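The values are calculated or read from the model by the stated rules, or taken from the named source; none is laboratory data. All of these numbers come straight from a predicted model, not from anything done at the bench. Heads up, the Cβs are rebuilt from the backbone with ideal geometry, glycines too, and the neighbour counts pull from every protein chain shown.
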Amino acid sequence: MEIRTHSVEGTDPRLFAEVIHPGSGPSATRPVLLLHGFASSSRLNWHESGWVNALTTSGRSVITVDLPGHGRSATPSDLDSFRPSRIRADLLQLLVDAGVHPLDDDNPETGVDIIGYSLGARLAWDFGATQPELVRRMVLGAAPAPAIRWQRSTCPQRAEPRGNRGSTSRRNHRRTDAHGRLGARQ
């Protein structure tokens, strides 16, 4: 197994990444990008759990990244570095640096498959939606549900939150504080 470490020169040049090839060198199949969960790292989610070994043993090249503020990546002082759009830009730069090319049905080496867990699943979902020309398949584990606002036209039985059914008088509604605790009546 050949491991190359890499610092991404995207929006945050201190993002730690690895490109890991099977023992025979670069694979003739598309690589797999592994995205770890919140408060974890590529080492904890993917190396120690055996995923990297299983994938490289099966002949796949693997790309891992420690997300900003996790593992061996630096913690940015700019809070915008934690926005999904900025992380997507860094992931795109990582894939370009690793030699990933847009999908071509006639070439099995093009594109990337992504496995994401928790926060990594959320980022994979976003990345696949914004870069469909690169992503062949995704496996999302413990993926948080996207924020969906129910409207009467899309789901009549859920048009209103349960607690607000019945009278719409202001005196029947309770105010909660930032922690969800009930406060004084309005």
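Every residue in the stretch 36-64 that is crowded, with 22+ Cβ neighbours inside 10 Å and either polar (S, T, N, Q) or assigned to a loop (DSSP other than H, G, I, E, B) (or both), please.
The answer is H36, S42, N45, S61, T64.
Within the stretch 34-51, count every residue that is within 22 Å of V96 (Cα to Cα) and touching a Leu at 6+ places or on another chain (Cβ under 7 Å).
Qualifying residue count for the region: 4.
Quick check on my filter: what residues within the stretch 78-109 are under 14 Å from A124 (Cα atoms) and not hydrophobic (A, V, I, L, M, F, W, C)?
R83, P84, S85, R86, R88, D90
So, D126, is that one surrounded by fewer than 22 Cβ atoms within 10 Å (Cβ to Cβ) and either closer than 21 Å to L55 by Cα or free of Cβ contacts under 8 Å to residues at least 24 places away in the same chain (or both) or not?
It is false that D126 is surrounded by fewer than 22 Cβ atoms within 10 Å (Cβ to Cβ) and either closer than 21 Å to L55 by Cα or free of Cβ contacts under 8 Å to residues at least 24 places away in the same chain (or both).
Could you tell me whether any residue of the stretch 45-62 is at pLDDT below 95 and touching a Gly at 6+ places or on another chain (Cβ under 7 Å)?
No - not one qualifying residue is present in the stretch 45-62.
Do you know which residues across the stretch 112-143 are in a strand (DSSP E or B) and either among the small types (G, A, S) or touching a helix residue (DSSP H, G or I) at 6+ places or on another chain (Cβ under 7 Å) (or both)?
Of everything in the stretch 112-143, those that are in a strand (DSSP E or B) and either among the small types (G, A, S) or touching a helix residue (DSSP H, G or I) at 6+ places or on another chain (Cβ under 7 Å) (or both) turn out to be V112, I114, G116, Y117, V135, M138, L140, G141.
Tell me the residue from L67, L33 that is outside any loop (DSSP other than H, G, I, E, B) and within 16 Å of the chain's Cα centre (by Cα), please.
L33 is the lone residue from the list that is outside any loop (DSSP other than H, G, I, E, B) and within 16 Å of the chain's Cα centre (by Cα).
In this structure, is E109 in the same structural domain as H21 (by TED's automatic domain parsing), more than 19 Å from F16 (Cα to Cα), of a type outside the set (G, A, S) and in contact (Cβ under 8 Å) with a residue 60 or more places away in the chain?
yes
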